[in-house]
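Below is one structure, written out as structure tokens; comments come after it.
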Amino acid sequence: METVILAVVIAVVVLAALGGLLVGSRRRKPLPPPPPKAPDITAPPAEPHVGDEAETPRDEPRRTIEEVDLPGGPAPVAVEEPPVVEVPPIEVPEPTAGRLIRLRARLSRSQNALGKGLLTLLSREHLDEDTWEEIEDTLLTADVGVQPTQELVERLRERVRVLGTRTPEELRGLLREELLALVGTDVDRTVRTEPEDRKPGIVMVVGVNGTGKTTTTGKLARVLVADGRTVVLGAADTFRAAAADQLQTWGERVGAHTVRGPEAGDPASVAFDAVKEGKEMGVDVVLIDTAGRLHTKTGLMDELGKVKRVVEKHAPLDEVLLVLDATTGQNGLVQARVFAEVVDITGIVLTKLDGTAKGGIVVAVQRELGVPVKLVGLGEGADDLAPFEPEAFVDALIGD
């Protein structure tokens, strides 16, 4: 009996333990999450309806456009202000009166070989045939030319024979007189830019590239401005890329307007427009810089003839200036002949007369073309172009 009771008690205990485990496991099972609450939505301020009073605006913080993060796209481009172009100041060229005298020292340094050489030979005690031949050689070496040399030597021989005694002062005076006669003192060397019946005066500048043609045109503008004239420049050398820019720079320095055309354009068209604008602006002078690739090119000569004909539809040319490099000597005479056949040369500009130039080219080129040297260039400075003055030139040749 006791055994049965013990078995029942054990069974009850086991059942109670199993019941406790079941209840505990049920209690530990997670409960389902509560349903979500409805979000609080703030309604935007209602727009006033028709007939309603508008609400008083509320003070709300506002963001600028820079503070708002915009969707992807190109970054805003900063607009840069255009650079300010500085206008170069207008230069005041030095007066042309007596300019060659002021440049005399520069000229005499390169020409003393001629003047001093002649004075040395003439100062010899006996002037025999050998001495006269040396005098001829000195003149020929200085590019005076054969015919002018023979004429000068004959006159010198005659006058030395008549004088008898030859002091240094007498010889210098004698040589000065003969050289002046050879260069010519009774020739009109003014650059004609003031026609009586019209304005503007028209000047065309011709010559081979490399002689300083465009630079001379710019310097001539300075000469005219220094004398109180107003100027328009025509950049008709359209075949050389830098020619128009170079001429415009020269013009800007003295306040002269430059007319230019497209690169490799028609030179005659540019020249025509330059004269037309010069007339409309009422200026005193129009300077036309022309092309000068090679004097042996027939095409270039035809172009120059065309430029001349087109310009003369406005008015006749007042000057045609031929620019020659004084250092080329007799080769410059070949160029002069070719240009003279195409256009009527009225005056000569000799550049680079300082340095190694030989002063006799003044005589030779005048004799060759029958036109005077009107301007000479004596250096690289802006005001080194001077009106040609025979007395100052000869004095520089023979020295003090």
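The values are calculated or read from the model by the stated rules, or taken from the named source; none is laboratory data. This is a predicted model, so every value here is computed, not measured. Here Cβ is always computed from backbone atoms with ideal geometry, including for glycine, and neighbour counts include all displayed protein chains. Remember, those area values only see protein heavy atoms, side chains included, never the ligands or the DNA or RNA. Shrake-Rupley method; radii C 1.70, N 1.55, O 1.52, S 1.80 Å.
Whole-Å semi-axes of the range 312-400's equivalent ellipsoid, largest first, each the root of 5 times a Cα gyration tensor eigenvalue? Mind showing how you got there, number by number?
Working: eigenvalues 112, 46, 29 Å².
Sorted largest first and rounded, they come to 24, 15, 12 Å.
How fast does the range 145-243 diffuse by Stokes-Einstein, in µm²/s, taking the Kirkwood radius from C-alpha pairs at 10 °C and 1.306 mPa s?
Values: Rh = 17.9 Å.
Answer from the Stokes-Einstein relation: 89 µm²/s.
Which loop GluC sites (Glu not before Pro) in the range 125-175, with loop taken from DSSP, have no more than 16 other Cβ atoms within 10 angstrom of their Cβ? Don't skip to the answer; put the middle values down first.
Numbers: sites: Glu125, Glu129, Glu133, Glu134, Glu136, Glu151, Glu154, Glu158, Glu169, Glu170; in loops: Glu125.
Passing both the DSSP loop test and the Cβ count: Glu125.
Quick one: pull the percent of accessible area on the range 348-400 belonging to carbon and sulfur, 1.4 Å probe, ligands and nucleic acids left out.
On the way: 720 of 1500 Å².
Answer for the range 348-400: carbon and sulfur cover 48 percent of the accessible area.
Along the range 258-264, what does the Karplus equation 6.51 cos²θ - 1.76 cosθ + 1.60 (θ = phi - 60°) give for ³J(HN,Hα), rounded to whole Hz, x for Gly and Pro?
So the Karplus estimates, Gly and Pro as x, are 10, 9, 9, x, x, 4, 6 Hz.
Which whole-number value in Å² is the accessible area per residue of the range 214-272, probe 1.4 Å? It would help to have the intermediate numbers written out before the result.
Details: 2060 Å² over 59 residues.
Normalised by residue count, the accessible surface of the range 214-272 is 35 Å².
Compute the normalised compactness of the range 259-334: alpha-carbon radius of gyration over 2.2 N^0.38 Å, N being the residue count.
Working: Rg = 14.0 Å, N = 76, 2.2 N^0.38 = 11.4 Å.
Taking the Cα Rg and dividing by 2.2 N^0.38 Å, one obtains 1.23.
Which value, in Å to one decimal place, does the Kirkwood hydrodynamic radius take for the range 212-266 when every pair of different Cα atoms is included? Spell out each step's value before the answer.
Working: mean 1/r = 0.0898 Å⁻¹.
Across the range 212-266, the inverse of the average 1/r is 11.1 Å.
Place a +1 charge on the Cβ of each Lys and Arg in the range 142-204 and a -1 charge on the Cβ of each Asp and Glu, then give the dipole magnitude about the Cα centre in debye, rounded to the nearest 20.
160 debye
Quick one: grab Rg to one decimal and Dmax as a whole number for the range 242-400, Cα atoms only, in Å.
Taking only Cα atoms of the range 242-400, I get Rg and Dmax of 16.7, 52 Å.
Using a 10 Å cut-off on Cβ atoms, rank the peptides 253-264, 373-384 from the highest mean neighbour count down.
Values: 253-264: 17.6, 373-384: 20.1.
Ranked from most to least packed, the peptides come out as 373-384, 253-264.
Residues in the range 119-150 near a label at Arg166, defined as backbone nitrogen under 12 Å from the 7 Å Cα→Cβ point?
Within reach of a label on Arg166: 119-136.
Can you compute 3J(HN,Hα) from phi for each residue in the range 221-237, using the Karplus curve 6.51 cos²θ - 1.76 cosθ + 1.60 with θ = phi - 60°, rounded to whole Hz and x for Gly and Pro?
4, 5, 4, 5, 5, 4, 8, x, 9, 9, 9, 10, 9, x, 8, 8, 8
Filter the cross-link list Lys276/Lys308; Lys219/Lys313; Lys213/Lys313; Lys199/Lys313; Lys199/Lys279 down to pairs whose alpha-carbon distance in this structure exceeds 18 Å. Don't jump to the answer; show the numbers that get you there.
Values: Lys276/Lys308 14 Å; Lys219/Lys313 27 Å; Lys213/Lys313 24 Å; Lys199/Lys313 14 Å; Lys199/Lys279 7 Å.
In this structure, Lys219/Lys313; Lys213/Lys313 exceed 18 Å between Cα atoms.
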